[in-house]
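**Student:** Sharing a structure, written as structure tokens. Questions coming.
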Amino acid sequence: MKTFMNKKLLYSGIVCLVLGGTNLFAKGAAQEVLLLAETVRGISQDLAKNYFYIEQGIQTSSAKKGLKRDMITLDDTIRKLQMGATNANTKGIVEFMFFSVDELKSTLKENFSSENGGLVLDYTETLLEGSESIIRHNKGKTQTMLDVVEEMQFLLERATKYYIAFRAGYTDAVNVTQARLAVEKFETLLAKVKAHTYPGPITTGPVKKLAKYWPVSKNFYLGIKKSELPTIVFISTKHMNKALDALVEYHKKNK
């Protein structure tokens, strides 16, 4: 664990060096890079969520498929990010992402233990930090509705990850706080979605579904300290993500 923390400190140093620039990638590739970084951001949460569901013996079939898909997508996405890097500092962040993925692969091959579960949380948070640093320095200050719904997907996965991790014994107060912050931010963004003018089918479809599911689902996520409803939380997250998928596709087609 000590060795890993030292490497984490090295990563933080790399990030600080990179953040001195105004843009991490060539302008022509900025949009593609954003999509790749946002993919890594989402996977960082989904991967840990699936890992802990498997180790808890809950929704194992779906979680195993999800974890396998996450690792394949993560490998492919980070390789593409590496191709988009234009300077040594940026390459350093992406190389550290590769390091995190390699360590994750090794950890996932081992039997579950308290230490290994902690490593999965740490490595996925490292991937999150790296992807968010890229996003911050390649995205405009104006938040579009596409940004809103994509962030909502990320927040759902983050809340679920901490919910199931708590049930697995990772009861640190910081984890509880992060879950609650994700819930609060999701609710704020949902208000923007509900206030946005959508065509009829979108309003009566995915938007209505989110508005119907969220008030009840929110209480499940906030019940993290009880962790009594892991299957309901897993399925609720899946249903709301399907609604958000529809909104993502709508906003991509109507930029």
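Coordinate-derived values only; no laboratory data. In this text the structure is predicted, and so the values were computed from the model without any measurement. With ideal geometry, Cβ positions are generated from the backbone for all residues, glycine too; neighbour counts draw on all protein chains shown.
**Student:** Fewest first, what order do H251, H239 take by the number of other Cβ atoms within 10 Å?
**Tutor:** Details: H251 19, H239 14.
Ordered from fewest to most neighbouring Cβ atoms within 10 Å, H251, H239 come out as H239, H251.
**Student:** Jot down the radius of gyration and Dmax of the stretch 165-255, Cα atoms only, both in angstrom.
**Tutor:** My reading of the Cα-based Rg and Dmax gives 14.8, 45 Å.
**Student:** Just want the answer: with Cβ charges of +1 for Lys and Arg and -1 for Asp and Glu, which residue in N111, M145, T126 is farthest toward the dipole's positive end in the chain?
**Tutor:** M145
**Student:** Can you sort I224, I134, I58, I202 by how many other beta carbons sit within 10 Å, fewest first? Write down the numbers at each step before the final one.
**Tutor:** Values: I224 22, I134 28, I58 16, I202 19.
With the fewest neighbours first, I224, I134, I58, I202 line up as I58, I202, I224, I134.
**Student:** I need two numbers for the stretch 58-156: Rg to one decimal and Dmax as a whole number, Cα atoms only, in Å.
**Tutor:** Cα-based Rg and Dmax for the stretch 58-156 come out at 15.3, 45 Å.
**Student:** Still on this structure, please answer the following. Can you work out the Karplus-derived ³J(HN,Hα) for every residue in the stretch 67-80? Use 6.51 cos²θ - 1.76 cosθ + 1.60 with θ = phi - 60°, whole Hz, and x for glycine or proline.
**Tutor:** 5, 4, 5, 4, 5, 5, 5, 4, 4, 5, 5, 5, 4, 5
**Student:** Would you order V248, V120 from fewest to most other beta-carbon atoms within 10 Å of each residue's own beta-carbon?
**Tutor:** Least to most surrounded, the residues fall as V248, V120.
**Student:** Which distance in Å, rounded to a whole number, links the C-alpha centroids of the stretch 123-176 and the stretch 181-214?
**Tutor:** Centre-to-centre distance over Cα atoms comes out at 19 Å.
**Student:** Before rounding to the nearest 500, sum -39500 (n - 2.57) across all DSSP H runs of length at least 4 in the chain and divide by the residue total; then give [θ] at 222 nm in deg cm²/dmol. It would help to have the intermediate numbers written out before the result.
**Tutor:** Values: 9 runs with 198 residues, N = 255.
After summing the helix terms and dividing by the residues of the chain, the value is -27000 deg cm²/dmol.
**Student:** Exceeding 20 Å between C-alpha atoms, which entries from my cross-link table qualify? They are K185/K218; K64/K208; K64/K218.
**Tutor:** On the way: K185/K218 11 Å; K64/K208 30 Å; K64/K218 25 Å.
Exceeds cut-off: K64/K208; K64/K218.
**Student:** Among the listed pairs K80/K161; K109/K161; K105/K252; K80/K253; K80/K209, give every one whose C-alpha distance is greater than 31 Å. Mind showing how you got there, number by number?
**Tutor:** Details: K80/K161 26 Å; K109/K161 20 Å; K105/K252 33 Å; K80/K253 23 Å; K80/K209 35 Å.
Violating the 31 Å Cα-Cα cut-off are K105/K252; K80/K209.
**Student:** If only Cα atoms are counted, what is the Rg of the chain, and what is its Dmax, in Å?
**Tutor:** For the chain, the Cα-based Rg and Dmax read 18.1, 55 Å.
**Student:** Still on this model: So if I place +1 on the C-beta of Lys and Arg and -1 on the C-beta of Asp and Glu, and nothing else carries charge, what would the dipole magnitude of the chain be about its Cα centre? I want it in debye, nearest 20. Walk me through the intermediate numbers first.
**Tutor:** Details: 36 positive and 26 negative charges, 149 e Å.
The calculation lands at about 720 debye.
**Student:** Is there a quick way to get the dipole size of the stretch 76-167? I mean about its Cα centre, with the Cβ of Lys and Arg at +1 and of Asp and Glu at -1; what is the value in debye to the nearest 20? Walk me through the numbers before you get to the answer.
**Tutor:** Working: 11 positive and 14 negative charges, 46 e Å.
Charge dipole of the stretch 76-167: 220 debye, to the nearest 20.
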